Amino acid sequence: MVATTVAVAADDHNPLAPDPKAAKAGEYEFRINCALCHGLGAHGGGRGPDLTRAQKKHATSDAVMFQIINNGIPGTAMPANGTNGQGVGMTDEEIWELITYIRSVEVKAPTKPLGDAKHGKELFYGDANCSLCHMINGKGGRLGPELTSVGGTRTVEAIIDSVRNPSRRLAWGLTEPTKEFAQEYETVMVVTVDGKEIKGVALNEDHFSVQMMDTNERIYLLEKDRLRSFQKSRESMMPKYDAAVLDDKDLGDIVAYLINVGAK
Amino acid sequence: MSVTTHCLAGRRGGSQHPLPWAFFRAETRQILRRGDGREMPPSGLSRAALGSTLLRALIRFLAISTLIGPFACPAGAQVTFERLLHSAKEPQNWLTYSGDYAGRRFSPLDQINSGNARSLVAKWVYQTAGTGKLETTPLVVDGILYATGQDDRAFALDGRTGRPIWLYQRQLPADIRPCCGRVNRGFAILGDKVVFGTLDAHLIALDAKTGSVIWDVAAADYRLGYSFTAAPLALKNLIVLGVSGGEYGVRGFIDAYDATTGERKWRFYTVPGPGEPGHDTWEGDSWKVGGAPAWNTGTYDPSTNQLFWPTGNPAPSNRGERRAGDNLYSNSLLALNADTGQLNWYFQYTKHDEHDWDATQVPIMIDTGSKHLIAQANRNGFFYVIDRTNGKLLSAHAYGKITWSDSKDAEGRPVANQAAKPTLEGHTVCPGAMGATNWMAPSYDPQTGLFYVTAREQCDIFSTAPQPYEAGHAYYGSAYFPSEEAEPYWGALRAIDPATGQMKWEFRHPSPSWSGALSTAGGVVFTGDAEGNFIALDAQSGKALWHFEMGGEVYASPMAFAVDGKQCVAIAAGSAIYSFGLP
């Protein structure tokens, strides 16, 4: 029997660890509540970090992981227990089972050695042109997603895929509870009543209006019924970086840079 | 003539709105002569007879007693069954969850019309102290608005200004098991009580004037996952309510309680026990945790004294392997005798469901010519029309993208494709995890003859999670993922012609909405969207007439009322309630 009210101190340990039965129960909880973003097997998805990494940015102990699962992480898509619109709220016991499961699938060492992060940074701000549209720690462009934490919250595979096939990730429908602010970086092309053509990314949109940023980082606030035309596309404005443009080694170096920054 | 059994002050007098003496006396005389139009019959006394000294004294006594009691009737919101039966006669009020017993969510008010809707303005906003979504539909009786909120809050507001009259909040146990938000969809009102079901599975009657608890009954053990989220339905002297908790493997039921005492009068288990018809549609002991909760508000046909109540999915929702059989009465429409709870007939929309196709959407009664129908836009993506005299299916048409079924049985009922059966790995199925629609209220407009429903265009990967049953723990055996094969989610309000099942128009939302719809005699349909807009549409064409950004996502259905002869439309968005009207 687990206490129903748990006041965890920072050094508290999971009362169920490392019970294999609890880990099995935790796996069901994971499928229902977590796999939506963190992927089956906790290997991470397009939106949630790979939880099989032993080094976690936020969950530094079982007690902290409990708090994160229960309360979410402010400013991120990680919701509080029972509020992601999928699954029911977990009891304290179920959260400990879940933690037991996550600990059971952790891999102690990274599977692949990372590339040269220093060179990756040079590429990011130089020849690869990433910083024209992406910002890290306050430096860079504004048209694409800010990438300071992406290395800590996405799998290596997801980052590589986003560079090689930028439009594919746009097509991932975001479920509502995880999109407190739902920018999906869709491409928008409008023609105003006076014939001006504007192309950029959607910052937000509803049935009646669109807020967008053009390639000069200028923000436009537009009412759709006052436009001559409005077109939206899930073809990303980011060019496809295939191997001819950016080879695997250089891409690996950029990913290493992102992971280094994201871990801080 | 017994003083204590007559409610002279029921409509306008009493302590709520004391009237000038002369006017009050004149009104009393008139009521004595002509009856009060409700329960008290006309006396047949002439004006001259009423002028006699004796009667003058009686009138004075009655008038005083209604002001001071103890002979005073519980005045103010005396909502009799008679008034509920004839709710269309008092369009300024919104007396039941769906506005009438037929479930139409149609307001006979026509002051706001397709010509002037463009000038609508916000009249007031009431911010609840809670956080989280509001799913409530307010009731309005004689200028006072009654609504429920997050964590089983409840409140009465001045319908003119939004100023609170009383507040109530239940002290909930810490270990309640709400499935899908700490929400409630509203009150039922009967007599001088407003009644709602709580997240810890109690039914509570509050005094409509003060919010004080009149009675409080436990319907089931919340620790096993039972809860109430739906608005009850009041009729005769009964309060009828269905339970929530399919995600916890509850055994679903619909209850009726004596409105005066809170005593339970009947219970219909939506999963039949041993020896009952339908029990053999469950494998082994699976019936004990079979779900089929009745978590939304049904409708009532006074001419046959039947309730039409819809039920939810069998548990666990995506995994049918240990509950072989049709799993009656999950995902069904039940026709119940309102006095006894006895089943007259049933229609099961989805047999042996493995996609969480709750059939809990409001079943709307439609009468056309000699036909007595029930129309329902089901979560599974089909629009069903049923003959409500016998429960026979007349038609089932898709109203959104569907991949789970491409065939029908001999009765015309859509049947699940074998290929759509959820597996451990999962596969993409349309509609998605939240359904083609859900609990957001549909509306039927008798003027346009159109059925309005919020449709969600969403496809997801449906997979199973082979989870054992453990009392009080989540038990739905399913996990959902967004599908990369599918289009991004979007939504629409759709107008369907029930005669053909065909869509007449749609108004598109950039993302799926959780708002219901209201139709009005002014030819305006109201709905909300996930981007926070409250929107007025032309009922014939679906063209947007007006919109207002409320700053919070809509998880509720609109309703209409009037105070001082001025029509208002109200809806909850974010953690607040908004009222709109003409300037």
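Rounded to the nearest 0.05, what FRET efficiency do A:Tyr220 and A:Leu132 have when you use their Cβ-Cβ distance and R0 = 25 Å?
The formula returns an efficiency of 0.80 here.
Once R0 is set to 35 Å, what does the formula 1/(1 + (r/R0)^6) return for the Cβ-Cβ distance between A:Leu227 and A:Ile73, expressed as a FRET efficiency to the nearest 0.05?
My answer for the efficiency is 0.40.
Hey, for a label at B:Asp110 modelled as a point 7 Å past Cα toward Cβ, could you say which residues of the stretch B:418-458 have their backbone N under 18 Å away?
It comes to B:444-450, nothing else.
Relative to the first principal axis of the alpha-carbon coordinates of chain A, what is the inclination of helix A:92-104, with its axis defined by its Cα atoms, in degrees from 0 to 90 and to the nearest 10?
80
Reported to two decimal places, what Rg/Rh ratio describes chain B when computed on Cα atoms with Rh from the Kirkwood expression?
Values: Rg = 24.2 Å, Rh = 24.4 Å.
Rounded to two decimals, Rg over Rh is 0.99.
What is the helix-to-structure angle for A:62-71, meaning the angle in degrees between its Cα long axis and the longest Cα principal axis of chain A, kept from 0 to 90 and rounded to the nearest 10?
With both axes taken from Cα atoms, the answer is about 50 degrees.
For the pairs A:Lys57/A:Lys108; A:Lys118/A:Lys249; B:Lys209/B:Lys265; B:Lys351/B:Lys408, note any where the Cα-Cα span goes beyond 20 Å. Write out the running numbers ahead of the final one.
Values: A:Lys57/A:Lys108 15 Å; A:Lys118/A:Lys249 13 Å; B:Lys209/B:Lys265 26 Å; B:Lys351/B:Lys408 12 Å.
Beyond 20 Å between Cα atoms: B:Lys209/B:Lys265.
Nearest 500 deg cm²/dmol is fine: what mean residue ellipticity at 222 nm does chain A get from its DSSP H runs of n ≥ 4 alone, each adding -39,500 (n - 2.57), divided by its residue count? Kindly include the intermediate steps, with their values, before the conclusion.
On the way: 9 runs with 84 residues, N = 264.
So the calculated ellipticity at 222 nm is -9000 deg cm²/dmol.
What does the charge count around A:Leu36 come to, taking other residues whose C-beta lies under 11 Å from its C-beta (Lys +1, Arg +1, Asp -1, Glu -1)?
Details: positive: A:Arg31, A:Arg47; negative: B:Asp460.
Charge balance in the 11 Å sphere: +1.
Sort B:Asp387, B:Asp358 by Cβ crowding within 10 Å, fewest neighbours at the top.
Going from sparsest to densest Cβ surroundings: B:Asp387, B:Asp358.
When the Kirkwood radius is taken over all Cα pairs of chain A, what Stokes-Einstein diffusion coefficient follows at 10 °C and 1.306 mPa s, in µm²/s? The partial results should precede the final answer.
On the way: Rh = 20.4 Å.
Result for D is 78 µm²/s.
Given a Förster distance of 45 Å, report the FRET efficiency between B:Thr340 and B:Val121 from their Cβ-Cβ distance, rounded to the nearest 0.05.
Values: r = 49 Å, r/R0 = 1.09.
In this case the efficiency is close to 0.35.
Against the longest principal axis of chain B, how steep is helix B:21-34, in degrees 0 to 90 to the nearest 10, with axes from Cα atoms?
70
Sequence neighbours fewer than 8 away in the same chain don't count; with that in mind, list the lysines whose C-alpha is under 22 Å from A:Lys196.
A:Lys224, A:Lys232
Quick one: give the max-minus-min coordinate of the C-alpha atoms of the stretch B:96-233 along each principal axis, largest first, in Å.
53, 32, 29
Express in nm, to one decimal, how much length is gained between B:Thr368 and B:Glu470 on full extension, taking 0.36 nm for each residue of separation and deducting their alpha carbon distance.
31.9 nm
Count, for each residue of B:462-471, the Cβ atoms from other chains sitting within 10 Å of its Cβ, then give me the mean as a whole number.
Numbers: counts 0, 4, 1, 9, 3, 7, 3, 0, 3, 0.
That works out to 3 on average.
Tell me the Rg and the Dmax, in Å, that the Cα atoms of the stretch B:322-457 produce.
Values for the stretch B:322-457 (Cα only, Rg and Dmax): 15.2, 50 Å.
Would you kindly calculate the translational diffusion coefficient of the protein assembly as shown, applying Stokes-Einstein with the Kirkwood radius from alpha carbon pairs, for 37 °C and a viscosity of 0.692 mPa s, and quote it in µm² s⁻¹ without decimals?
In µm²/s, the coefficient rounds to 114.
When a footprinting reagent is the concern and you count Cβ atoms within 10 Å, what order do B:Arg83, B:Arg177 take, fewest first?
Ranking B:Arg83, B:Arg177 by Cβ neighbours within 10 Å, fewest first, gives B:Arg83, B:Arg177.
Using a Cα-Cα cut-off of under 22 Å, which lysines could be cross-linked to B:Lys566, ignoring same-chain neighbours fewer than 8 residues away?
List returned: B:Lys89, B:Lys123.
All of the numbers you see were taken from the coordinates with simple rules; none came from a lab. If you're wondering where the values come from, they're calculated on a predicted model, not measured in any experiment. Methodologically, a virtual Cβ is constructed for each residue, glycine included, from the backbone with ideal geometry; neighbour enumeration extends over all protein chains shown.
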